[in-house]
Every structure is written in structure tokens, then in C-alpha cells.
Amino acid sequence: MQKTLIILKPDTITRWISWKIISRLEDKWIKLVWSKMVRLTEDQLKAHYSHLADKPFFPGIVEFMTSAPVILQVWEGKDVVEVIRLIAGVTNSRQAQPGTIRWDFSMSIGNNVIHASENLEAANEEIARFFSEEEIYSYARADENMLYSPDEVN
Ligand code: IDP
Ligand code: MG
């Protein structure tokens, strides 16, 4: 089953709204398979946001992302990379669709509550950056057999 990485950013942690973001994903019946709180290092952020390294706002991102701990999580589900990107909404929270996390909890482009891997390749790379494979949990939800129709399960 597909996996993706999210980061609950420092604004989420310091506003004490982590549980609200997590509940959005659990309500969508996506499975949490790993979670840990860390303070990201500048080196980790340079790797994670390498596509933005030459942008003028890059130092601001590093400052923000190191200003408090973050929660790193791996979530699992059918097409979960795309599903969580849709739930998160577009980068600029002021232009995100109403009902998305960024629309509902942020007014900012930079301080936008959640990171979600952009595509499957990025998801695999980001999960490998922060977790080792044996750390990822495998378990069944109590009502697992109601999550998908049989033809959707690999
Ligand atoms: P994404 O998080 O929606 O995938 P990216 O373009 O990959 O967006 O940018 C990564 C992060 O960098 C954004 O989530 C946001 O925190 C920050 N960022 C992107 N563009 C800007 C900007 O124009 N000003 C300030 N911060 C930005
Ligand atoms: Mg991105």
C-alpha cells in the first residue's frame, strides 16, 4: 500500500492544533504508520527543500522550520500521496480550496501548517530521509475490511 510523508510544521505545534490536522486524516480513513517529534536541522532542511535553495525566501523557510519542533509522520493508503496533497490544499493558504487544511487553518504562503510529499518519488525519498524501513508500523484497523472494496486491495 502506498505511503507518504507529512510534516506538521512549527506553526501547527506551537498553536496546539496537531490533533486537528491528524483528525482530518483519520476521518478520511488514512492509516498512521509512524510518528515522531523532532527539531529539524539546517542540513535536513537543505536536503528536504533543495528545490527552493536559490529562492530569496529560503532563509526564512529554514528559520521558520527550525523555530520549534515538528512532527514527522508516515501515512498509508490507496493513492495516499495525491489524497493528502488534496486534503492539504495548494501552497498559498489564501488561495487554497475551502475545506482544505491550509484554507481552514492558515492565511500564509510560508507558515502553512503542513508539508505533504508532492509525488510518489518524493514520498519514497522523504520517508527514507527521516525513517528506516523497520521503524514503519504495520497493523490492522479494527474495521480494516470496510476500508476498501476487495478489488482495491493489492
Ligand atoms: P508545497 O509545500 O505546497 O509543496 P513548495 O513549492 O514545495 O510547496 O514549497 C515548500 C514550502 O516553502 C511551502 O510549503 C512554504 O512553506 C514555503 N514557500 C513556498 N513558496 C513560498 C513563498 O513564495 N514565500 C514564502 N514561503 C514559501
Ligand atoms: Mg513541495
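Protein heavy-atom accessible surface, 1.4 Å probe, per residue over the chain: 57 Å². The apolar share of the surface of the chain, taken as the fraction of accessible area on carbon and sulfur atoms (1.4 Å probe, ligands and nucleic acids excluded), comes to 53 percent. Given R0 = 35 Å, the distance between the Cβ atoms of L52 and M146 translates into a calculated FRET efficiency of 0.30. Across the chain, Cα pairs under 8 Å and at least six residues apart give a relative contact order of 33 percent. Counting only trypsin sites (Lys or Arg not before Pro) that sit in a DSSP loop (anything but H, G, I, E, B) with at most 16 other Cβ atoms within 10 Å, what is the longest stretch of the chain containing none of them? The answer is 95-140. Of all segments of the chain bounded by chymotrypsin sites (Phe, Trp or Tyr not before Pro) found in a DSSP loop with no more than 16 other C-beta atoms within 10 Å, the longest spans 58-136. Select from V80, V33, V70 the residue whose mean-square fluctuation is largest in a Gaussian network model of the chain (Cα-Cα springs shorter than 10 Å). Highest fluctuation among the options: V33. Only lysines eight or more places from K20 in sequence, or on another chain, were considered; those with a Cα closer than 25 Å are K3, K9, K28, K31, K36, K78. Cα centroids of the stretch 1-75 and the stretch 128-146: 18 Å apart. Dipole size of the stretch 1-75 about its Cα centre, with +1 on Lys/Arg Cβ and -1 on Asp/Glu Cβ: approximately 300 debye, rounded to the nearest 20. Summing Cβ point charges (Lys, Arg +1; Asp, Glu -1) relative to the Cα centre of the chain gives a dipole of roughly 640 debye. A straight Cα-to-Cα reach below 15 Å connects K55 with the aspartates and glutamates E63, residues fewer than 8 places away in its own chain not being considered. Of the residues I101, L25, F131, the one whose Cα sits farthest towards the positive end of the charge dipole of the chain is I101 (charges of +1 on Lys and Arg Cβ, -1 on Asp and Glu Cβ, taken about the Cα centre).
The values are calculated or read from the model by the stated rules, or taken from the named source; none is laboratory data. Here the structure is a predicted model, which means the values were calculated and not measured. Note that we place each Cβ from the backbone using ideal geometry, even for glycine, and neighbour counts take in every protein chain shown. Just the protein is used for accessible areas: all its heavy atoms, side chains included, with ligands, DNA and RNA removed. Shrake-Rupley method; radii C 1.70, N 1.55, O 1.52, S 1.80 Å.
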